[in-house]
Amino acid sequence: MRLGDTIKFHRKKKGWTLTELSAQCQLSVAQLSKLENGKSNPSIDSLRKLAGAFEIPVSTLTLTEEIPSISPVLDGEGFVVRWCARGDDYVTVRYLTLNRLAKMQPIVLTVPAGMSTGNSKSHPGDEFFYVLEGCVRFFYGADEVFDMRDGDFLYYDGTVAHHWENMSTKEARLLTCNTPPVM
């Protein structure tokens, strides 16, 4: 089931019109209509607002019901959302699996020059972090800092607060993999 169908399913399950859902999640009727019709991709914040209104986990909105034996994601595919906006710039998050039963969550992040994820946060499980392109400063715990470039990677405990920033004047691309999936 695609995201728009899932949103519509949960809205109808609650017996809400688009206007009523808009009041519950603080997203405009026009935006909700675009999401339901597959004409727009939501930000992570929008997904969280929708999930909160429906009283369900975000993953219930974004992950499919099918259990494929293999999950190929071709170039240009995947579930794409915007995250961590700064003016007109934002980090693009491309989820490379949409399988609800996946034991890990690979993600490609495209990070504008100078962008930071802000305050350190933690999550359950382990994470793998690989710099595909660019220069990234990675902050781990209270006092560990790593400057990373193309081909550098980390494997770490996600329960330790962490964040990162693109230190260069060029866009950076990162591959991360969380286990278990955190979104």
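Are any residues in the range 144-162 surrounded by 11 or more Cβ atoms within 10 Å (Cβ to Cβ) and either touching a Cys at 6+ places or on another chain (Cβ under 7 Å) or more than 18 Å from P124 (Cα to Cα) (or both), and if so, which ones? Step through it out loud before you land on a result.
Just the residues of the range 144-162 that are surrounded by 11 or more Cβ atoms within 10 Å (Cβ to Cβ), to begin with: 144, 146, 148-150, 152-154, 156-162.
Answer for the range 144-162, where residues must be surrounded by 11 or more Cβ atoms within 10 Å (Cβ to Cβ) and either touching a Cys at 6+ places or on another chain (Cβ under 7 Å) or more than 18 Å from P124 (Cα to Cα) (or both): E144, F146, M148, R149, D150, D152, F153.
Determine, yes or no, whether T159 is within 28 Å of S40 (Cα to Cα) and among the polar types (S, T, N, Q). In short, no.
Can you find a residue in the range 116-131 that is modelled with pLDDT of 95 or more, of a type outside the set (D, E, K, R) and in a strand (DSSP E or B)?
Initially, the range 116-131 is screened for residues modelled with pLDDT of 95 or more, giving 130-131.
Still in the list and also of a type outside the set (D, E, K, R): 130-131.
Filter again for in a strand (DSSP E or B), leaving 130-131.
Scanning the range 116-131 turns up at least one residue that is modelled with pLDDT of 95 or more, of a type outside the set (D, E, K, R) and in a strand (DSSP E or B).
All of (1) in contact with a Pro (Cβ under 7 Å, 6 or more places away or on another chain); (2) modelled with pLDDT under 90 hold for T159 with one exception: (2). State which residue pairs qualify: first residue open to solvent by 50 Å² or more (accessible area, probe 1.4 Å) and inside the range 50-76, second residue part of a loop (DSSP other than H, G, I, E, B) and modelled with pLDDT of 70 or more in any location, beta carbons under 8 Å apart, and separation of 6 or more residues or different chains. That search, which allows pairs on different chains as well, returns S71/T97; S71/A102; V73/L96; V73/T97.
Of all residues in the range 14-44, which are charged (D, E, K, R) and in contact with a Phe, Trp or Tyr (Cβ under 8 Å, 6 or more places away or on another chain)? Outline the logic, then answer.
Filtering the range 14-44 down to residues charged (D, E, K, R) leaves 14, 20, 34, 36, 39.
Within the range 14-44, just K14 meets the criteria.
One line per residue, one yes/no per condition, for (1) among the small types (G, A, S); (2) open to solvent by 70 Å² or more (accessible area, probe 1.4 Å); (3) at pLDDT below 90:
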| residue | (1), (2), (3) |
| --- | --- |
| T6 | no, no, yes |
| G15 | yes, no, no |
| C25 | no, no, no |
| Q31 | no, no, no |
| N41 | no, yes, yes |
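Filter the range 163-183 down to residues that are of a type in the set (V, I, T) and part of a strand (DSSP E or B) and give me whichever is most open to solvent (accessible area, probe 1.4 Å). For the range 163-183, the residue satisfying everything is T179. Only a single item in (1) surrounded by fewer than 18 Cβ atoms within 10 Å (Cβ to Cβ); (2) at pLDDT 85 or above; (3) farther than 21 Å from S59 by Cβ is not met by D88, and it is number (2). Tell me, which residue of the range 112-143 that is aromatic (F, W, Y) and open to solvent by less than 30 Å² (accessible area, probe 1.4 Å) is nearest to H163 (Cα to Cα)? Filtering the range 112-143 for residues that are aromatic (F, W, Y) and open to solvent by less than 30 Å² (accessible area, probe 1.4 Å), the one nearest to H163 (Cα to Cα) comes out as F138. When every residue of the range 94-102 is checked against the conditions, at least one turns out to be aliphatic (A, V, I, L, M), at pLDDT below 90, part of a loop (DSSP other than H, G, I, E, B) and open to solvent by less than 50 Å² (accessible area, probe 1.4 Å). Taking each residue of the range 1-28 that is closer than 15 Å to N41 by Cβ and looking for partners that are open to solvent by 70 Å² or more (accessible area, probe 1.4 Å) and assigned to a helix (DSSP H, G or I) with beta-carbon atoms closer than 8 Å, six or more apart or interchain, yields L27/K49. Taking the criterion of being closer than 22 Å to D88 by Cα and in contact with a helix residue (DSSP H, G or I) (Cβ under 7 Å, 6 or more places away or on another chain), the residues of the range 1-37 that qualify are Q26, L27, S28, L32, L35.
The values are calculated or read from the model by the stated rules, or taken from the named source; none is laboratory data. Values in this document were obtained by computation on a predicted structure and should not be read as measured data. Every residue, glycine among them, receives a Cβ derived from its backbone with ideal geometry; neighbour counts consider all protein chains shown. Ligands, DNA and RNA are excluded from the accessible area calculation, which covers all protein heavy atoms including side chains. Shrake-Rupley method; radii C 1.70, N 1.55, O 1.52, S 1.80 Å.
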